[in-house]
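Visitor: The structure under discussion is supplied below as structure tokens; questions concerning it will follow.
Laboratory data are not the source of any read-out in this text; all were calculated from the coordinates shown. In this text the structure is predicted, and so the values were computed from the model without any measurement. Methodologically, a virtual Cβ is constructed for each residue, glycine included, from the backbone with ideal geometry; neighbour enumeration extends over all protein chains shown.
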Amino acid sequence: MIIGITGKSGSGKSTYAEKLAKDKDYFVLHIDEIGHKVLEYDNIKSKLIEIFGADSVLNGTVNRKYVGDLIFTHRHLYNKLTELVWTSMKQEIDKVIESHNNVILDWLLLPHTHYWKLCDKKILITLDNENERISRLMKRDNISIDYLSKRDSAGIDYSNIEFDEIIKN
């Protein structure tokens, strides 16, 4: 069984996924972590420098805030990054799905992927207090309100997506 959990950044997706996994004995795959892992592949870092410039990798580590600022501001760069990492991300996700009977997929962008159709149960996590979400994210990710606004604008609209369950956090 595959459970898909989605929602805005900072809504509580990962916390809910971990609690649900513990109660039901599921493996949780936080797909953002897969994306971060893939960004650290040497071949990906080389291409990041080609596409986004030398500041995209500092001291051998991807400068995610720099790259994020570019991709959240310029849609064509967002698409280039997606093209660069998606094949490797799919390989990692597929390995997990193939090796576990029960999986929870946790990702903001999950409904925009073919994995959404594979989900036996689709859950949206929302947070009633938008100010709390913003405050939590700024502190957790050490980002400015301007950066968060850009990042949120690259998110998706959940209003036209069907869910089996909507959980207000």
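Visitor: With each label point set 7 Å from Cα along the Cα-Cβ vector, what nm distance links HIS100 and ILE156?
Guide: 2.0 nm
Visitor: Let me ask something additional. Mind ordering 50-57, 65-72 by average Cβ neighbours within 10 Å, highest first? Walk me through the intermediate numbers first.
Guide: Working: 50-57: 15.0, 65-72: 17.9.
In decreasing order of mean packing, 50-57, 65-72 become 65-72, 50-57.
Visitor: Same structure, new question: Is it possible to state the helix-based mean residue ellipticity at 222 nm for the chain, with each DSSP H run of 4+ residues giving -39500 (n - 2.57), the sum divided by total residues, to the nearest 500 deg cm²/dmol? What is it? Before the final figure, lay out each step's value.
Guide: Numbers: 8 runs with 92 residues, N = 169.
It lands at -16500 deg cm²/dmol.
Visitor: Got a sec? Which residues in segment 1-36 would a label at LYS168 touch, if it sits 7 Å along Cα→Cβ and we count backbone N under 19 Å?
Guide: Residues 6-13, 16 qualify, since their backbone N sits under 19 Å from the label point.
Visitor: Report the extension gain between GLU92 and ASN59 in nm, rounded to one decimal, defined as 0.36 nm multiplied by the number of residues separating them, less their alpha carbon distance.
Guide: Numbers: separation 33, 0.36 × 33 = 11.88 nm, distance 2.54 nm.
Full extension from GLU92 to ASN59 adds 9.3 nm.
Visitor: Please work out the C-alpha center-to-center distance from segment 100-141 to segment 151-169 and express it in whole Å.
Guide: Each part reduced to its Cα centre gives a spacing of 8 Å.
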